[in-house]
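Everything on this sheet refers to the single structure shown next.
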């Protein structure tokens with residue numbers, strides 16, 4: 001029994017010694033770094049924003065006189081020409097004012113004629129010493145007063161004629177009516193402001209997109225840059241625009257400063273539509289450019305243009321509305337909703353892809369570098385210090401990615417005017433240990449960043465993280481990125 005006890009005790013001691021020897025001989029855990037190679041490629045910097053699509057020229061048509069709208073001759077989507085009668089204010093009151101002004105003019109003319117004759121007679125008497133000089137001066141003053149009244153009466157007549165003319169509201173430009181803000185019988189008051197009756201888009205074949213860009217990004221936007229955008233109605237269609245204007249006017253909202261950027265884009269027909277509508281559709285030259293490749297062989301440009309103009313003339317003749325001949329006809333026509341001019345009138349069929357008011361999801365290409373050294377953004381954010389417990393920390397580990405902030409004095413400033421200058425690093429392995437390599441970071445596309453530096457070359461491995469299992473055991477993760485990026 002005693003012998004068995006000693007044997008058991010000896011076996012346990014051997015097991016303990018074996019375990020201790022195993023753990024003593026086991027190599028220490030090493031950090032398993034994740035690396036990527038520096039490569040060459042293109043980096044494109046973009047700015048994304050949301051804007052609104054509108055016509056290049058959009059005119060608000062209002063009325064300068066007050067009154068009741070007696071007739072409307074156009075409606076939504078109506079095609080109009082410059083100078084075309086589109087609405088009328090009841091002219092009754094303004095006709096009466098004109099008659100009153102003309103009567104006042106007659107009285108002023110009679111008073112002036114009498115004053116002129118009286119002055120001429122008094123002047124002859126004064127020449128014969130039969131009238132005192134003071135009386136002659138009185139007659140001359142009366143003549144000048146009568147002349148002033150006559151000029152004022154003429155101006156009143158002109159003003160009354162102008163107001164009467166303002167009762168006829170005409171289109172200021174060629175275009176399409178995109179909004180009608182009044183109805184027949186509605187009273188409009190133009191005492192303090194000009195009431196708007198219509199919104200007319202001059203040409204829907206070319207549109208503009210207006211976006212707001214934050215002040216931190218506005219210096220990157222330049223006239224002539226390309227932009228791409230989509231609209232909700234055609235999510236698969238990408239439109240190409242060009243930056244045409246970067247406005248200097250700052251817009252402050254909740255302490256956020258933005259600037260308006262305007263882009264131009266040609267309006268394309270809807271998919272499956274080969275015949276655009278609007279002013280561009282009636283242009284013979286544009287029609288020839290669209291159709292020349294599909295015409296029968298031997299068709300000349302002159303023949304095509306002749307047939308095209310003849311077809312347009314027939315359409316215009318068939319669509320031309322009957323012009324009301326007088327006010328009574330206009331009032332009778334106005335009983336038809338929208339006015340008589342709408343019956344059979346030309347309208348915009350709406351087969352263009354972009355419409356005023358659409359929301360555009362815009363991306364502007366601000367900078368592009370081709371065939372440059374680049375690294376994933378994670379390489380600039382990664383900091384190996386968090387994964388080196390017992391070993392000496394690398395020197396350049398004050399910030400994520402090894403970026404350090406050094407005091408820099410402003411030119412001409414004092415020591416108190418210090419600003420932080422960021423120094424970027426990437427990390428490489430040298431003898432199995434992380435080593436910081438200073439680099440100069442360029443533009444970024446959100447995934448890759450352009451880099452340059454003396455110690456950097458194509459194909460070089462840089463650190464971007466550690467293996468997930470080791471990171472989890474240490475309870476640490478790279479600064480500046482989620483755990484899934486290790």
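Rundown of residues vs (1) closer than 18 Å to residue 184 by Cβ; (2) surrounded by fewer than 16 Cβ atoms within 10 Å (Cβ to Cβ), yes/no style:
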| site | (1), (2) |
| --- | --- |
| 87 | yes, no |
| 95 | no, yes |
| 108 | no, no |
| 112 | no, no |
| 119 | no, no |
| 123 | no, yes |
| 135 | no, yes |
| 140 | no, yes |
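Taking the stated definitions as given, is residue 101 assigned to a helix (DSSP H, G or I) and over 50 Å from the mean Cα position of the chain (by Cα)?
So residue 101 does not fit the description; no.
Which residue out of 77, 42 is on the phi > 0 side of the Ramachandran plot and either under 30 Å from the mean Cα position of the chain (by Cα) or modelled with pLDDT under 70 (or both)?
The unique qualifying residue is 77.
Quick one: would you say residue 182 is in contact (Cβ under 8 Å) with a residue 12 or more places away in the chain and within 30 Å of residue 348 (Cα to Cα)?
yes
Which residue, of 49, 55, is within 23 Å of residue 267 (Cβ to Cβ), in contact with a strand residue (DSSP E or B) (Cβ under 8 Å, 6 or more places away or on another chain) and surrounded by fewer than 22 Cβ atoms within 10 Å (Cβ to Cβ)?
Checking each option against the conditions leaves just 49.
Can residue 419 be described as crowded, with 18+ Cβ neighbours inside 10 Å, in contact with a strand residue (DSSP E or B) (Cβ under 9 Å, 6 or more places away or on another chain) and either at pLDDT below 80 or assigned by TED's automatic domain parsing to the domain that holds residue 35 (or both)?
The answer is no for residue 419.
Give just the number: which of (1) out of contact with any helix residue (DSSP H, G or I) (no Cβ under 7 Å at 6 or more places or on another chain); (2) modelled with pLDDT under 90 does residue 61 not satisfy?
Here residue 61 clears every test but (2).
Within the stretch 357-380, is there a residue that is modelled with pLDDT of 90 or more and either in a loop (DSSP other than H, G, I, E, B) or out of contact with any strand residue (DSSP E or B) (no Cβ under 8 Å at 6 or more places or on another chain) (or both)?
yes
Give the residues of the stretch 67-76 that are outside any strand (DSSP E or B) and surrounded by fewer than 17 Cβ atoms within 10 Å (Cβ to Cβ), sorted by residue number.
Residue satisfying the conditions is 76 alone.
Conditions (1) out of contact with any helix residue (DSSP H, G or I) (no Cβ under 6 Å at 6 or more places or on another chain); (2) without any contact (Cβ under 8 Å) to a residue 12 or more places away in the chain, marked per residue:
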{"residue": "51", "(1), (2)": "yes, no"}
{"residue": "55", "(1), (2)": "yes, no"}
{"residue": "94", "(1), (2)": "no, no"}
{"residue": "128", "(1), (2)": "yes, yes"}
{"residue": "133", "(1), (2)": "yes, yes"}
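The values are calculated or read from the model by the stated rules, or taken from the named source; none is laboratory data. Everything quoted here is computed from the prediction, not taken from an experiment. Don't worry about glycine lacking a Cβ; one is built from the backbone with ideal geometry, like all the others, and counts go over all protein chains shown.
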